[in-house]
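*Asks:* I'd like to ask you about the structure that follows.
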Amino acid sequence: MSEQIVATYRVLTRLPLERAASAIAGEQSTGTFVRVRGETDELRARHSAAVLSISETPPPVSEPLPGAIGDGPLTAGLVRIGFPLENTGPSLTNLLPVVAGNLYELRELAGLKLVDLELPAAFGEAYLPAGFAVEGTRRLAGRPEGVLIGTIVKPNVGLRPADYVGLVRELGLAGADFIKDDEVNADCPPAPLPDRIRAVTAALDEVERRTGRRPMYAFNISDEPDRMLRNHDLVVAAGGTCVMANLNIVGLPAVAMLRRHAQVPIHGHVTGIGALARHPGLGIGHVAYQKLARLAGVDQLHCGGFHSKFYVTDDEVASTVAAVREPLFGGFPCLPVLSSAQWAGTAPVALERTGTTDLLVLAGGGVLGHPDGPAAGITSIRQAWAASVAGVPLDEVDEPELRAALKHFGGVIRK
């Protein structure tokens, strides 16, 4: 049998599961709604997708997608379908329309979610793994061990380049390992990227002169592909050590192009992921998604956050972090990023659920919203992680920054 790409879907249907699975396999390989000229037995034998297995599961929702046909009860199952590698080659551009393309529109389906992918080794040979990942990020940030603590420039829009200087200086002097642009602020009129690069790097230069450490700053270079490469070059020429791309906006093949060009780490932001992953019966799950993002070559990847302000559950975040840390093709390392309502109080649950300090924890409000200022915010998170690693309950730690954070943000989280 030729090499296969194996996609695992959670399928919902009002028809027999076998019929729904067959519709996916046919539509995404050699078939259409009717037999056509040229669809020979030889062609079908070589290029047809095959249903490999079906296992029934409880339906995750009670309502079908609009337009679904059938009058039977709503049933669900995990369906594994093998697509011949020969149909796509080791190409993200060719892979995505096959495993996550028009199949969502099939009327035989009352719901469909891509939950995992098994890719042949040819993909690992065709794409470059992250150039920096965990160890490279640690080296550039000057934090050889322990959790990396960072934050996001806020307000996320409206600041002028001059406004960045004082804030970045303050955060750097406070001991931030990592600072980033917000996903909504790339090359935008209030702070054009070239001007922002000059302002931020001037602040970083001062921090390095005064402390001997240079925080990593992720400049949001998301743009049309040719401009994104130009933006990367502006960052590198100014002495920057990280760029950020909105993966779902610029597209994963464009990220792979950036990886081939990049001289610094790529911070992978997943803005828009809710449109793909939020509904349990539709889209692409986080475990499948992270494989695609890592294949594109990102060094750091957002995985959600524990006790998040967003829709993800702690179980989903834990499974995503675990998946990102699992080798892909024996390598393709990546640094998991926690964000969304992270603060000192989330440290114990994050450590318990991930079992690692090889994490980048981004706290916007948890740093900038600390009652005693950003420096105290960063310190409080570092104190909380140190206590968690030592097995000390946070409410037993006699540190003013941590105590103030617990009081201000609502006390110790009881898991």
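The values are calculated or read from the model by the stated rules, or taken from the named source; none is laboratory data. Bear in mind that the values here come from a model prediction, so they are computed numbers and not experimental data. So basically every Cβ, Gly included, is an ideal-geometry build from the backbone, and we count neighbours across all protein chains shown. Just the protein is used for accessible areas: all its heavy atoms, side chains included, with ligands, DNA and RNA removed. Shrake-Rupley method; radii C 1.70, N 1.55, O 1.52, S 1.80 Å.
*Asks:* For segment 189-237, which residues satisfy the criterion of being among the hydrophobic types (A, V, I, L, M, F, W, C), closer than 21 Å to Ile152 by Cβ and either open to solvent by 60 Å² or more (accessible area, probe 1.4 Å) or in a helix (DSSP H, G or I) (or both)?
*Replies:* Leu193, Ile197, Ala199, Val200, Ala202, Ala203, Leu204, Val207, Met228, Leu234, Val235
*Asks:* Quick test of your reading of the structure: Ser22 fulfils all but one of (1) polar (S, T, N, Q); (2) part of a loop (DSSP other than H, G, I, E, B); (3) surrounded by 13 or more Cβ atoms within 10 Å (Cβ to Cβ). Name the failing condition by number.
*Replies:* Among (1) polar (S, T, N, Q); (2) part of a loop (DSSP other than H, G, I, E, B); (3) surrounded by 13 or more Cβ atoms within 10 Å (Cβ to Cβ), the lone unmet condition for Ser22 is (2).
*Asks:* Name the single residue that is farthest from Gly146 (Cα to Cα) among those in segment 321-340 being without any contact (Cβ under 8 Å) to a residue 40 or more places away in the chain and touching a Pro at 6+ places or on another chain (Cβ under 7 Å).
*Replies:* Within segment 321-340, the match that is farthest from Gly146 (Cα to Cα) is Val324.
*Asks:* Return yes or no: is Leu96 within 28 Å of the chain's Cα centre (by Cα), surrounded by 15 or more Cβ atoms within 10 Å (Cβ to Cβ) and outside any helix (DSSP H, G or I)?
*Replies:* No.
*Asks:* So for segment 153-161 (the condition being assigned to a helix (DSSP H, G or I) and touching a residue at least 24 places away in the same chain (Cβ under 8 Å)), does at least one residue qualify?
*Replies:* If we filter segment 153-161 for residues that are assigned to a helix (DSSP H, G or I), which is where we start, we get 161.
Right, trim to touching a residue at least 24 places away in the same chain (Cβ under 8 Å) and you get 161.
Yes - at least one qualifying residue is present in segment 153-161.
*Asks:* Scan (1) part of a helix (DSSP H, G or I); (2) of a type in the set (A, V, I, L, M); (3) open to solvent by 40 Å² or more (accessible area, probe 1.4 Å) for the single condition Val184 breaks and write down its number.
*Replies:* (1)
*Asks:* Quick check on my filter: what residues within segment 282-328 are hydrophobic (A, V, I, L, M, F, W, C) and in a loop (DSSP other than H, G, I, E, B)?
*Replies:* Just the residues of segment 282-328 that are hydrophobic (A, V, I, L, M, F, W, C), to begin with: 282, 284, 287-288, 292-293, 295-296, 298, 301, 303, 306, 310, 312, 317-318, 321-324, 328.
Across segment 282-328, the qualifying residues are Val298, Cys303, Phe306, Phe310, Val312.
*Asks:* What number of residues within segment 130-152 satisfy the criterion of being part of a helix (DSSP H, G or I) and not charged (D, E, K, R)?
*Replies:* Here the count works out to 6.
*Asks:* Could you tell me which residue of segment 342-387 is least open to solvent (accessible area, probe 1.4 Å), considering only residues that are of a type in the set (S, T, N, Q) and over 25 Å from the mean Cα position of the chain (by Cα)?
*Replies:* So in segment 342-387, the residues of a type in the set (S, T, N, Q) come out as 342, 346, 354, 356-357, 379-380, 383.
Within this subset, residues satisfying the condition of being over 25 Å from the mean Cα position of the chain (by Cα) are 379-380, 383.
Values: Thr379: 46, Ser380: 1, Gln383: 33 Å².
The selected residue is Ser380.
*Asks:* Going through segment 247-273 one residue at a time, which ones are within 11 Å of the chain's Cα centre (by Cα) and open to solvent by 10 Å² or more (accessible area, probe 1.4 Å)?
*Replies:* Correct list: Asn248, His269, Val270, Thr271, Gly272, Ile273.
*Asks:* Scan segment 392-415 for residues that are farther than 12 Å from Thr379 by Cβ and assigned to a helix (DSSP H, G or I) and report the count.
*Replies:* Residues in segment 392-415 being farther than 12 Å from Thr379 by Cβ and assigned to a helix (DSSP H, G or I): 7 in total.
*Asks:* Could you grab the pairs with beta carbons closer than 7 Å, sequence gap of 6+ or different chains, first residue in segment 40-68 and under 18 Å from Tyr9 (Cα atoms), second one assigned to a loop (DSSP other than H, G, I, E, B) and open to solvent by 60 Å² or more (accessible area, probe 1.4 Å)?
*Replies:* As it stands, the answer is Pro64/Arg14; Ala68/Arg14; Ala68/Arg107, since those pairs meet every condition given.
*Asks:* Within segment 166-181, can you find the residues that are surrounded by fewer than 18 Cβ atoms within 10 Å (Cβ to Cβ) and free of Cβ contacts under 8 Å to residues at least 60 places away in the same chain?
*Replies:* If the condition is that a residue be surrounded by fewer than 18 Cβ atoms within 10 Å (Cβ to Cβ) and free of Cβ contacts under 8 Å to residues at least 60 places away in the same chain, then Gly166 is the only one that fits.
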